Structures are given as structure tokens and as C-alpha cells.
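Worksheet: the structure to be examined is printed underneath.
Each reported figure results from applying straightforward, stated rules to the coordinates on display, with no laboratory input. Keep in mind it's a predicted model, so treat the numbers as computed, not measured. Methodologically, a virtual Cβ is constructed for each residue, glycine included, from the backbone with ideal geometry; neighbour enumeration extends over all protein chains shown.
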Amino acid sequence: MATLMSDRRPVRHLVRLAALLLGPGRAHRGDLWPGLAIDRLSGRVRWRGRDLLTLSRFADIVPPGMARIAIVGSGPSLARQHPERLESGATILLNGAASLAARLPPLAVAVEDERFVMRHAPMLASLPREVPLMLSAAAMRALAEHNADLLRGRRVALIDNLRRPLGAARRDLDDPALDGILARGANGAALSRDPDRGVIITGTVAFTALQVALAAGPAAILLAGIDLGNADAQPRFYEEAGKAAPSGLVKGMPRILAGFALAREVAGREGVRLSCASPVSALLGLGYDRDGVLD
């Protein structure tokens, strides 16, 4: 079993530099190197030449028509709340919220940043095997580097980037081929209506999970621990003071909020009630309803 460092290892920077030789339109292929191969058509995933798993569809993990799906992030607000009040088997846990899985069995755990895997692989390794994962190619490769057996026999759905799809060149969101997949909004915002064909990556896995949840068409979606506005102010609920990993949310906040604003519009048109459990979330400023269920 490989030992992972606390952040992206030097070899990953070298791989990224090498991938740039393919040109900016195909540099994202570096997410797979070395060792991971994904056949999008068949769903077959191989690791270092051996079969690893067959990808699951998001709809097989998050079934359509649920009463409510809760998307649970790791924002500081969650430390003062009671996530155990959420319904078992109806949550998507994001990144460090995976630490709640023992007391809040989820629909799935979602991770798209390989650096989270490198810092917290033991947390993911402790998940029961029946817990499905939603992983980007980079996160899948990082977890396989840690211990490929953690992925064998587990249901895994691929978080693929519609802008930079696996096995294809980078494309703009105004590509006509995306007209049947995307909902588009103001300020360049977009979201995917078919996550199995790819999602819009904004810089927070919460938006990815929201696209998956909206595609499942529940009656309601609750966002908990999605603070956004104080990303650099306090440690995440599972981190110790002074040991918090850096956050990239602040830099990408306009893009992130534009995506969540569009999601609210789409949910409204489709009759899905969107609400936010965090009392300090930037989502409240977009008009998301505040829900005190976890207070």
C-alpha cells in the first residue's frame, strides 16, 4: 500500500507538466497517468493493466423520485449542528463529511479533488464497502495509488468534466453538441442535466453533487455544511484549529455562486424545493430558503 503525502506529490506536478505537451486541449489526460485507464463507452476501468471495476450510473446510486436528498459538506457551521437528524440513506457526503458515514449512512460519498484523497485516504479507506463513491478520474487514480483494493467490488460513478471530457479534447460550453445536456444561465453559468455524460466543474464538489441530485428529480434538496462565504476563516468541522488545508473557494467564488444561482432557477422551474441548513452560507444571499432542521 502506498503512503500518500499531505498534498499533491512532486511527481504529480511532473505528470501535469508532461501532459501539457499534448496541448492545452488534451492536458487533462494527465489525470489518468500513470496507471488508470477508463473506457467511457463500456464503463470498464483498469488499474496498471488489471481490471479494477465497471462504472455505475449515477441513477443507480441516487434513485429518482426521492422525497428529499441532503448534500452534506464540511463547512464549519456543521460543527454546531446535528447532522444525525438527517434521514439515513438519503445523503451525499462530500469530502471530509465522509467522516459522518458511520452514524449517517449515505447514498454516496463524493470527492473530485485528488489532494483530498492524498491528505485523507485513511478516512475513505474506513468507509464500509457498501458505500458507493462518486469520484473524478484524478481522485480515482489517487485512491488506487493508495490501495486499489478499496475500489474493487465497490460501486463507483465517474465525475467527468463536460469541459474537459475523458478521451476527448477540451470544448467550450457553447458547443452545439452540449445543447441537449446543459442548462445555461447568466454570467457564463451552466449545469448538466445528464451527469452520466459529464458535469460542470466549478471548484466545489457541492455543485457537482447538486447536479446529480437535480437530475434525480427529488421533491426537495437540502444543502448542509455548504458555507462558501468563510472558506478561509475557520477550519472545516472535521479539522483541528491550525491544521486546516488551504481552500481554493475564495478565488472561484463568482463562478461558484453563478452556478448555484442557476441551480436555484432550474429547481424552481422543476418544482424541486432547494433549502440551506447553514446559517452563514453565501447561498442565503442568492435566495435559498434557510432550513433550521439541524439547529
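Residue ranges 156-164, 53-61 sort as 156-164, 53-61 when ordered by packing (mean number of other C-beta atoms within 10 Å per residue, highest first). Of interest is the spacing of the C-alpha centroids, which for region 114-143 and region 36-73 amounts to 13 Å.
Once you list every other residue whose beta carbon is under 12 Å from the beta carbon of residue 107, what net charge do they have if Lys and Arg are +1 and Asp and Glu are -1? Residues close to residue 107 contribute a combined charge of -1.
Summing +1 for each Lys or Arg and -1 for each Asp or Glu among the other residues whose beta-carbon sits under 11 angstrom from that of residue 154 gives +1. Across every pair of non-identical alpha carbons in region 58-290, the mean reciprocal distance, once inverted, gives a Kirkwood radius of 17.7 Å.
For the pair residue 168 and residue 46, label points projected 7 Å from Cα toward Cβ lie 2.3 nm apart. For residue 39 and residue 194, a Förster radius of 22 Å and the Cβ-Cβ distance give a FRET efficiency of 0.70, rounded to the nearest 0.05.
Relative to the current alpha-carbon distance between residue 149 and residue 295, full extension at 0.36 nm per residue lengthens the span by 48.7 nm.
Highest-first packing order for the peptide set 38-45, 167-174, 197-204, 76-83 is 197-204, 76-83, 38-45, 167-174, based on the mean count of other beta carbon atoms within 10 Å. Sorting the segments 112-118, 178-184 by their residues' average number of neighbouring beta-carbon atoms within 10 angstrom, most packed first, yields 112-118, 178-184.
Counting charges near residue 279 (Lys, Arg +1; Asp, Glu -1) among other residues having Cβ under 13 Å from its Cβ returns a value of -2.
What FRET efficiency comes out for residue 80 versus residue 103 if R0 is 22 angstrom and r is the Cβ-Cβ distance? Round to the nearest 0.05. For residue 80 and residue 103, the calculated efficiency is 0.85.
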